[in-house]
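The values are calculated or read from the model by the stated rules, or taken from the named source; none is laboratory data. Not measured: the values here are computed from a predicted model. Cβ placement follows ideal geometry from the backbone for every residue including glycine, while neighbour counts extend to all protein chains displayed.
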Amino acid sequence: MRFGFHTFMVAPEELQDIARTADECGWDSIQVADAPFFPEVISVPYPYHPDGTRFWPLDMPVLDPWVAITAMASVTKRIRFIPSVLRLAVRQPLLEAKSLCSVAAISNDRVALGVGLAWMPEEFKWLKQDMKTRGARQDEAIQVLRLLMQGGMVEFHGKYHDFDRLIMAPVPKKRIPIYVGGTTKFALRRAARFGDGWIAVIHTRDEIKGLVAELNRLRAEFGREKEAFDIMLHCPDVQTVDEIRRLEDIGITDLQITPWTQTVRAEEGVGAIMRQQPPLAVKQEAIKRYSEEVIARFH
């Protein structure tokens, strides 16, 4: 089992200190948010909060994920960084490939990529993308990213993305994992077919068993059951070392813990975790304590 945490709602000026502490204490990964802007009014409910409302203030600072990762990578040596999730369906994959490859070079390949469809109609409207084709376009975009990260002269001719022979450099020295987010049947199929893993938000132990079984079934359907596949998630009703080992036994590879928060129930939503933002020193002490009490048991 590997351990990581998300930095959504963490103040930008705290990121480097938090990253240094986690890096020194044996944590595996830090996730960063992707939010280009927040519309004043959204035409649909927020899907990851029980009452559909946004749990963060509209003027909350959110750094571009590639900037945040570069800042933290520059002061660390071993920890990985993951956009979670990059709203790939509203982004141009050639430009995102350039950012991803650049960050990989700066961080010595200490980066993975979580991707998601984006959920706000306003993002698609104002960024001039078709929301109706978002799934198919993201499928192609994942293939474009993989192709470009291989290096050399490449071309791609799909329904939504099309370019003649070109080369991009630098490219990563090793394979950069792409983790697919989402819990719909289409998202799970996308993860099983195209992903190196599945990245979730927040689930209970009972929910996870069924989701893992479905992912395994789909991976077998696509002939990928023998390939490595990571599963990372928040599971707040798992606390003890023995409970974490049982998650490990069913195939969970990465547990997302926010060590500086009080225990919450999964049905309270991820906002109940993210809103808890104590002072930096409290965060750092919690990162160290969790490493000593839990992470050390898995190394």
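Taken over segment 117-175, the criterion of being in contact with a helix residue (DSSP H, G or I) (Cβ under 6 Å, 6 or more places away or on another chain), closer than 21 Å to VAL44 by Cα and either among the charged types (D, E, K, R) or in a loop (DSSP other than H, G, I, E, B) (or both) is satisfied by LEU117, ALA118, GLU123, LEU127, GLN129, ARG134.
Looking only at segment 197-240, residues that are under 14 Å from the mean Cα position of the chain (by Cα) and modelled with pLDDT of 95 or more come to 6 in all.
Of everything in segment 200-227 that's within 21 Å of PHE3 (Cβ to Cβ) and charged (D, E, K, R), which residue is surrounded by the fewest Cβ atoms within 10 Å (Cβ to Cβ)? Residue satisfying both the conditions and the ranking: LYS209.
Here the condition is being free of Cβ contacts under 8 Å to residues at least 60 places away in the same chain, surrounded by fewer than 13 Cβ atoms within 10 Å (Cβ to Cβ), of a type in the set (Val, Ile, Thr) and at negative phi; of THR184, THR133, it holds for THR184 alone. With respect to the conditions (1) in contact with a Ser or Thr (Cβ under 6 Å, 6 or more places away or on another chain); (2) surrounded by fewer than 16 Cβ atoms within 10 Å (Cβ to Cβ), ASP230 falls short on a single one, namely (2). Summed over segment 228-261, the residues that are touching a residue at least 24 places away in the same chain (Cβ under 8 Å) and either hydrophobic (A, V, I, L, M, F, W, C) or part of a loop (DSSP other than H, G, I, E, B) (or both) give a count of 22.
Among residues of segment 162-173 that are farther than 12 Å from GLY152 by Cβ, those with a Cβ under 8 angstrom from a residue that is loosely packed, with under 14 Cβ neighbours inside 10 Å and charged (D, E, K, R), sequence gap 6+ or separate chain, pair up as PHE163/GLU155; ASP164/GLU155.
Determine whether SER43 is modelled with pLDDT under 95, more than 23 Å from VAL294 (Cα to Cα) and buried (at least 22 other Cβ atoms within 10 Å of the Cβ). Steps first, answer last, please.
Values: modelled with pLDDT under 95: yes; more than 23 Å from VAL294 (Cα to Cα): yes; buried (at least 22 other Cβ atoms within 10 Å of the Cβ): no.
So SER43 does not fit the description; no.
Checking the structure you have, find out if any residue of segment 276-299 is part of a loop (DSSP other than H, G, I, E, B), in contact with a helix residue (DSSP H, G or I) (Cβ under 9 Å, 6 or more places away or on another chain), modelled with pLDDT of 95 or more and buried (at least 18 other Cβ atoms within 10 Å of the Cβ). Yes, there is a match, as at least one residue in segment 276-299 is part of a loop (DSSP other than H, G, I, E, B), in contact with a helix residue (DSSP H, G or I) (Cβ under 9 Å, 6 or more places away or on another chain), modelled with pLDDT of 95 or more and buried (at least 18 other Cβ atoms within 10 Å of the Cβ). Taking the criterion of being surrounded by 17 or more Cβ atoms within 10 Å (Cβ to Cβ) and either farther than 13 Å from ARG289 by Cα or under 14 Å from the mean Cα position of the chain (by Cα) (or both), the residues of segment 254-265 that qualify are ASP254, LEU255, GLN256, ILE257, VAL264. Selection over segment 213-227 of residues that are in contact (Cβ under 8 Å) with a residue 24 or more places away in the chain and aliphatic (A, V, I, L, M) gives a count of 2. Determine the pairs where a residue that is part of a loop (DSSP other than H, G, I, E, B), located within segment 44-72, has a partner that is surrounded by 15 or more Cβ atoms within 10 Å (Cβ to Cβ) and of a type in the set (Ser, Thr, Tyr) with Cβ atoms under 6 Å apart, the partner being 6 or more residues away or on another chain. Pairs found: GLY52/TYR46; ARG54/TYR46.
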